[in-house]
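Take a look at the structure set out below.
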Amino acid sequence: MEKISFDLLKQMMEEDHKGLVSIYMPTWRYGSEAGQSRIQLKNILKEAEERLVSMGYGGREAAELLKPCTLLLDDALFWQKQDKTLALFISESSFKHFRLPITSEETLSVSNKYYLRPLIKYLSSDIRFNVLTLSQSEIKLYKAGAYDIERVDVPEIDELVENYIPANELRQEATSPKGAAGGATSFLHGYNEMSQTEKNEISKHLRTIDKEVSRVLKDSGAPLLVYSVDYIYPMYKEVNTYPHLMEESIKGSPVGASLRDIHDKAMEIVVPRCESTLEREIEKFNTLKGTDSKLSSCDAAEITKMALHGRVERLFVADGVQQWGFLDNDTGEIIVDNREGEKHMDILDRALIAAMENGGKVYVLDKERMPVIKPAAAILRY
């Protein structure tokens, strides 16, 4: 299975020929629903075959095209390795499938273009951050997004932790039942009873950790969230030199926390921050629209044209809505005729990819969250 990337997305966007099949379906890892997913796919493939035949494919030809997908029906191991949505893309020359950690409705598209909106939604998430877990027994750095988290391997930090001799009070974190459960009261009490020498020792250690963290993250620009017992975070904040350290922190001992626990706790802090950013972006669009500024537009054809010329700064597109059209090479205009076929494209998908390619920020939103009752809205650069 290929990794989803923007380059792959662009490559798939450029494909333009008869019989491109796109399938999105909810999936489950366990229980009776996992078996239900196979039945669901079987029914979708039957409908896909019917659509291919209506496009001019012979019955045997259509079945052969869909064969890579049909083979999955009897692959028990495949169905045990699912996430929230399974995405499948089939053409005469290739077969791609992805497990998506986002929820998508069942969708079947048989056209000259792949239907890419859920992939764009996944890739366009603006939630990118780092987590630093601090405890006496281990210190780990993670990079994360809206749907995933993975450890960043930093041997220098591992060596610092291995060679560090902690203050006596910090040793309780690995052995105290209250500490293991994430309680902070005993640690705060221990901090108040520490000598200045012990506090200086901890600060010195945290300063060396900060040096390595800042080195690793210097080109990231992503926020850094600290996960530690109460008194450690302010001590780390005091010595921190990374410019994107978050004011909030995850409180409690990270010892024994799973990746999912860390990600869930982090998202509770990060998501409201991202929601506030989106609200400010929508407010900016509404202000520009209210003053009839030429820096805003809710005309899908105009927006697509501006996106292709690198003029879209922020783009809001309704999830699940398609608008078909084509680029008139003689005039350079985007013509919306809502017809699928050769040289036609979903102009909203095209606008999203062009905006991303040219440094614009894009949002794929539920229709109810759109700033206007239209399928697209944009803030333009000039």
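The values are calculated or read from the model by the stated rules, or taken from the named source; none is laboratory data. Everything numeric in this text was worked out from a predicted model, so none of it was measured. In this analysis, Cβ positions are derived from the backbone assuming ideal geometry, glycine residues included, and neighbour counts consider all displayed protein chains. We work out accessible area using only protein heavy atoms, side chains counted, and drop any ligands, DNA or RNA first. Shrake-Rupley method; radii C 1.70, N 1.55, O 1.52, S 1.80 Å.
Spelling out what I want: for every residue of region 273-289, take phi, set θ = phi - 60°, compute 6.51 cos²θ - 1.76 cosθ + 1.60 (Karplus), and round to whole Hz; glycine and proline get x.
Couplings: 5, 5, 4, 5, 4, 4, 4, 5, 5, 5, 4, 5, 4, 4, 5, 5, 5 Hz.
Compute the distance in nm between two label points, each set 7 Å from the Cα along the Cα-to-Cβ direction, one at Gln36 and one at Ser220.
A separation of 3.9 nm, rounded to one decimal place.
Using a Förster radius of 51 Å, what is the FRET efficiency between Glu105 and Asn200 based on their Cβ-Cβ separation? Nearest 0.05, please.
Efficiency, rounded to the nearest 0.05: 0.30.
Less than 18 Å apart at the alpha-carbon level, and either on another chain or at least 8 residues along: which lysines does that give for Lys237?
Lys140, Lys199, Lys204, Lys211, Lys218, Lys251
Top mean-square fluctuation among Asp126, Asp330, Asp158, Gaussian network model of the chain, C-alpha springs under 10 Å?
The residue with the greatest mean-square fluctuation here is Asp330.
Below 17 Å, Cα to Cα, which lysines can Lys343 reach? Residues fewer than 8 away in the same chain don't count.
Lys10, Lys18, Lys113, Lys305
Order the peptides 265-273, 3-11, 296-304 from the highest to the lowest mean number of other Cβ atoms within 10 Å of their residues.
Ranking, from highest mean packing down: 296-304, 265-273, 3-11.
Heavy-atom accessible area per residue, the chain, 1.4 Å probe: how many Å²?
For the chain, the per-residue accessible area is 51 Å².
Using r as the Cβ-Cβ distance of Glu61 and Val152, and R0 as 51 Å, what FRET efficiency do you calculate, to the nearest 0.05?
Calculated value: 0.60.
What is the distance in Å between the Cα centres of region 325-382 and region 264-309?
14
What's the FRET efficiency of His17 with Asp261 using the Cβ-Cβ distance as r and R₀ = 56 Å, to the nearest 0.05?
The value I calculate is 0.75.
Could you sort 226-239, 341-354, 362-375 so that the peptide with the highest average Cβ count within 10 Å comes first and the rest follow in order?
Going by the mean number of other Cβ atoms within 10 Å, highest first, we get 341-354, 226-239, 362-375.
Summing -39500 (n - 2.57) over the DSSP H runs of n ≥ 4 in the chain and dividing by its residue number, what mean residue ellipticity at 222 nm do you reach, to the nearest 500 deg cm²/dmol?
Dividing the helical sum by the residues of the chain leaves -13000 deg cm²/dmol.
Can you give me the % of accessible surface on the chain that is carbon or sulfur? Probe 1.4 Å, all protein chains present, nothing else counted.
Carbon and sulfur: 48 percent of the exposed surface of the chain.
Could you work out how far apart the two model spin labels at Arg280 and Asp328 are, taking each label as a point 7 Å from the Cα in the direction of the beta carbon, and quote it in nm?
4.0
So, by mean Cβ neighbours within 10 angstrom, what's the order for 95-107, 16-28, 203-215 with the highest one leading?
Peptide ranking by packing, descending: 16-28, 203-215, 95-107.
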